[in-house]
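See structure below.
A short reminder: the numbers here are calculations on the coordinates, not readings from a lab. Owing to the predicted nature of the structure, the values given are computational and were not obtained by experimental measurement. Using ideal geometry, Cβ is built from the backbone for each residue, glycine included, and neighbour counts are taken over all protein chains shown.
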Amino acid sequence: MQNNRLTLCIDPWLLIEQDFDPARVKSSESLFALGNGVMGGRANFEERYSGPSLQGNYIGGVYYPDKTRVGWWKNGYPEYFAKVLNSAFWIGVDVRIDGEELDLAQCEVKRFYREMDMRRSVLTRRMTVVLKNGAEVEVEAVRFLSLERRELGVIRYSVTPVNRAAEITFSPYIDADVRNSDANYDEKFWELVQTDADVTQSRTRKSGFEVAWAQAVVLEGAQFVCETEPEKPRRTATVHRDKGETATLYKYAGICSSLNHRPEELAVAAQAVAADGLQSGFDALLKEQEEAWAARWHRCDIDIDGDAAAQQGIRFCIFMLLQTYTGVDTRLNIGPKGFTGEKYGGVTYWDTEAYCLPFYLATTGQEVARELLVYRYNQLDKAIENAAQLGFKEGAALYPMVTINGEECHNEWEITFEEIHRNGAIAYAIYNYIRYTDDRTYLAEGGLEVLLSIARFWAQRITWSEARQQYVMLGVTGPNEYENNVNNNWYTSYIACWCMRYAAEAAAWVRENRPEDYARICAKRRFDASAETARWMEIVGKMYLGEDRERGIFLQQDGYLDKEQVLVSELDPVERPINQKWSWDRILRSCFIKQADVLQGLYFFQEDFDIETIRRNFRFYEARTVHESSLSPCVHAILAAKIGDAAKAYEMYLRTSRLDLDDYNREVEEGCHVTSMAGSWLAVVEGFGGMRMRDGVLNFEPHLPDAWRSLAFRVDYRGRILTVTVTHDGIDVRNEGEPVEISVCGERSLLLGSASAVSNESNQ
């Protein structure tokens, strides 16, 4: 696969592709994808394209439970793998010029331009092509998914004859006869419910979701003929245009699911959405889109002066996150590919809690971030059931590695059963939310129940070692998935201890401050505070945490130093990435690390360790990390900034922010790494901006890269919009809202509304 950076122009607000290369079509389909938090889709062409393509349109919360059981001996193995479903191709517009079909794979492409306007979430494509019959035409296609009207898609498609007059035939359609690219034996996951002139309705097999798609179309001077077939509503019209005269089709699509409508009302609802879009008109809808997105950007934009590539990279990451999740529906979450591809199952990983929640917390406000916590609370009983299948008792919860409805649907043994640190991320998210918002009421309203159940899991998961006279954690997989089924993974053991301490602290707070809620929770969860918290504290005091005192590092797990200690810098570049070049056996026996593991713990719990401890561990482990997880570079960027390694921080930042734009992992054609994009935001705001909660106050200690003249970003902090500007001369923090206490480079101050806190210090 070629590097996409060769064809994408650097622009602060735009993704621009200026030539057409069939070899890069699928990659571009990922990068130019659209979404509105409820649905989305890849940047497929509206007109027919016979070349290689990955068709993809997705609806949040709609999935297919693909059977995955593989062996009777694996008790607790997931019943199914939740596939992200490709849904109906609603953007379809077949075009013929004098009877010849427009198909970029079959004609001469003289000019090609594609643009994603990230400021508005509007996709525009312009091209000049010559068809086999000699007709030369200019085409412009503009498409967006309405942010205000979450069930509406809008297309404006224009054709202009260049070298002669032409008969132009438009045939707008919806095609519900679709399949997933990863379907076994070309299996189809949808079945037809009904089709009418302008609407079709389908039902997912097994899971029983229903969706209706409708279109309303208008073309000046045209009389449409209905050509609808089962699963494919279609209308066709032909118009004559002289040389240089434009024919413009407007298409409005209504997409409604049974998540929000009764099945028997879906078709009517979808038609109403499409009709309402047509009545409003393209220009009004576009203006509405611009205003809605301007409001979103006001809360979260990042401005980098002096580095165009870095600027484009971070805006692209923020844009994709904003397109993926908006918090309007507690049933939805943030899948690793968002709405850009179908790879991976489910829609929730520990990525959400560890990386995404801080982003939404600081950019969309407390309410939206709280919905992510509520999502997990609503699935607590399922997590308890999941743990029970593995033999855990008395209300212990193991949250799924991958889920879409609370049930585990991951199908890799070493991940499903052993990567249990995910429980820690969910507890940490509650802590992170509370310390940032000061909303301790959430503990009484749901948080404590989650924490109790997670602490119970850890208390049962440990083992007493007679040899060590300590508790140990056996048979786990840490964040570094290049080592499976290890003993005493430091990060897993450390966060387990932290979870139990925090659960005890949370229980004490609720008991003192919300006694009625505390009594209710104790009864509901059968919580014996005295006995259980004493047990937790006993485990915490006697937990084995591996350490190499000679090197001054924490041991990633037992036996890590038994491996041949080869540095990444010594690897032959032809063997990279190792996950594509080496056998799994060879990877597991190597010392190479996929992503932050010990360093993940040092990132989460920075306040627990002095700077030299962080520096020693960073130097040791980063040199052995291949960064073949999209989640890896951001943590390393933040820690590198903290320890003063400016060059490494900048290197890691570029890798995380431009991971997909430059296709570092050679896999962007499968979809973008959406959840890791939150890590890019963290790298800027927490790394270079030095933002961190400390002693109950938001603190900024910036580390500006040498290549940047300035950095400015906005965060929503307890209902105030703070604008932080960092230069090589210092930092300025401005407040839009009520007075709030903050800290700048260690100096606390009360920041009044429309005022600023200024410091001439910076950590360069």
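Would you please give the residues with an amide H less than 5 Å from that of Val84, counting only those at least 5 places away or on a separate chain, with H modeled from the backbone geometry?
Amide H neighbours of Val84, under 5 Å, 5+ apart: Gly346.
Of Pro702, Trp490, Phe316, which is farthest towards the positive pole of the chain's charge dipole, taken about the Cα centre with +1 and -1 on the beta-carbons of Lys, Arg and Asp, Glu respectively?
The listed residue farthest towards the positive side: Trp490.
For segment 29-124, take the alpha-carbon Rg, divide it by the Kirkwood Rh, and send me Rg/Rh. Mind dumping the intermediate values first?
Values: Rg = 18.9 Å, Rh = 16.5 Å.
Looking at segment 29-124, the ratio lands at 1.14.
Let me make sure I get this right: for segment 614-662, a, b and c are the square roots of the gyration tensor eigenvalues over alpha carbons, sorted descending. Under 1.5 in a/c it's rounded, otherwise prolate if a/b > b/c, else oblate. Which is it?
It comes out oblate by the Cα gyration axes.
What's the magnitude of the charge dipole for the chain around its Cα centre, counting Lys and Arg as +1 and Asp and Glu as -1 at the beta-carbon? Answer in Debye, nearest 20.
Here the chain has a charge dipole of around 880 debye.
Using modelled amide H (1.01 Å from N, peptide plane; none on Pro or chain starts), what sits under 5 Å from the amide H of Gln194, excluding residues fewer than 5 places away?
The answer is Gln201.
Normalising by the residue count of segment 32-297, find the relative contact order in percent from Cα pairs under 8 Å and 6+ residues apart. Display every interim value, and only then the final one.
Working: 654 pairs, mean separation 47.2, N = 266.
Once normalised by length, the contact order is 18 percent.
Which whole-Hz ³J(HN,Hα) couplings does segment 424-436 yield from phi under the Karplus relation 6.51 cos²θ - 1.76 cosθ + 1.60, θ = phi - 60°, glycine and proline marked x?
x, 5, 5, 5, 4, 4, 4, 4, 5, 4, 5, 5, 7
In the neighborhood of Ile539, defined by Cβ-to-Cβ distances under 13 Å, what is the net charge if each Lys or Arg adds +1 and each Asp or Glu adds -1?
+3
Sequence gap at least 6, Cα distance under 8 Å: using those rules, report the relative contact order of segment 587-660 to the nearest whole percent.
For segment 587-660, the relative contact order is 33 percent.
Take the alpha carbon atoms of the chain, find their radius of gyration, then divide it by 2.2 N^0.38 Å using N residues; give the quotient.
Cα-based Rg divided by the globular estimate yields 0.99.
I want the local charge near Leu443. Using Cβ-Cβ distances under 10 Å, sum +1 for each Lys or Arg and -1 for each Asp or Glu among the other residues.
Taking every Cβ under 10 Å from that of Leu443, the sum is -3.
Can you list the HN-Hα couplings for segment 260-271, worked out from phi with the Karplus curve (6.51, -1.76, 1.60; θ = phi - 60°), rounded to whole Hz and with x for Gly and Pro?
10, 9, 5, x, 6, 10, 5, 4, 5, 5, 5, 5
For a test of the definition: using alpha carbon positions, the gyration tensor, and the 1.5 limit on a/c, classify segment 279-420 as rounded, prolate or oblate.
prolate
Of all trypsin sites (Lys or Arg not before Pro) in segment 393-477, which ones are in loop regions per DSSP and have a Cβ with at most 14 other Cβ atoms within 10 Å?
Qualifying residues, ordered by number: Lys393, Arg468.
What order, most packed first, do the peptides 679-686, 540-547 have when packing is the mean number of other Cβ atoms within 10 Å of each residue?
Details: 679-686: 27.6, 540-547: 16.2.
So the peptides 679-686, 540-547, ranked by packing, come out 679-686, 540-547.
Take peptides 579-586, 740-747, 94-101 and line them up by average Cβ neighbours within 10 Å, highest first, as a rough protection proxy.
Going by the mean number of other Cβ atoms within 10 Å, highest first, we get 94-101, 740-747, 579-586.
Only Lys, Arg, Asp and Glu count, each charged at its Cβ (+1, +1, -1, -1), so figure out the dipole size of segment 258-388 about its Cα centre, rounded to 20 debye.
320
Report, ordered by chain and residue number, the lysines lying within cross-link reach of Lys132, taken as a straight Cα distance under 23 Å and ignoring same-chain residues fewer than 8 apart.
Here the lysines satisfying the reach criterion relative to Lys132 are Lys110, Lys243.
Mean residue ellipticity at 222 nm from the helices of the chain, using -39,500 (n - 2.57) per DSSP H segment of n ≥ 4 over the full residue count, to the nearest 500 deg cm²/dmol? Write down the numbers at each step before the final one.
Details: 20 runs with 231 residues, N = 764.
For the chain, the value works out to -9500 deg cm²/dmol.
Counting Lys +1, Arg +1, Asp -1, Glu -1, what net charge surrounds Ser630 among other residues with beta carbon under 14 Å of its beta carbon?
That works out to -2.
Would you list the P(r) distribution for segment 32-297, with all Cα-Cα distances sorted into 10 Å bins from 0 and each bin expressed as a whole %?
Result, from short to long distances: 7, 29, 33, 21, 7, 2, 1, 0 percent.
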